[in-house]
Amino acid sequence: MTSAPPPELEPLVRCAHHFDGWEESWGVSVEELNGEAVEAARQFLSKGSAAEAGD
């Protein structure tokens with residue numbers, strides 16, 4: 001049985017699934033998916049930095 005990722009990682013996991021199953025017929029470019037992944041990573045890192053600053 002696979003456990004669910006922590007909620008803060010869900011956007012990154014979703015991007016990974018999109019990359020893994022991407023097909024040209026989706027009408028979404030790999031570049032767009034890449035941009036979404038980069039933005040999800042930025043948001044994750046900024047949340048982590050904010051949490052560390054509050055410690």
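Structure above, values below:
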item	result
Contacts under 8 angstrom Cβ, first residue in the stretch 24-45 being aromatic (Phe, Trp, Tyr), partner open to solvent by 80 Å² or more (accessible area, probe 1.4 Å) and at pLDDT below 90, 6 or more apart	Phe44/Glu8
Filtered residues of the stretch 10-23 (kept if without any contact (Cβ under 8 Å) to a residue 24 or more places away in the chain, part of a helix (DSSP H, G or I), farther than 16 Å from Leu45 by Cβ and among the charged types (D, E, K, R))	Asp20
Single condition His18 does not satisfy, out of (1) open to solvent by less than 80 Å² (accessible area, probe 1.4 Å); (2) modelled with pLDDT of 90 or more	(2)
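The values are calculated or read from the model by the stated rules, or taken from the named source; none is laboratory data. Only a predicted model underlies this, so the values are computations on that prediction, with no experimental measurement involved. All Cβ positions, even for glycine, are placed from backbone atoms using ideal geometry, and neighbour counts span all protein chains on display. Calculation scope for accessible area: heavy atoms of the full protein, side chains included, ligands and nucleic acids excluded. Shrake-Rupley method; radii C 1.70, N 1.55, O 1.52, S 1.80 Å.
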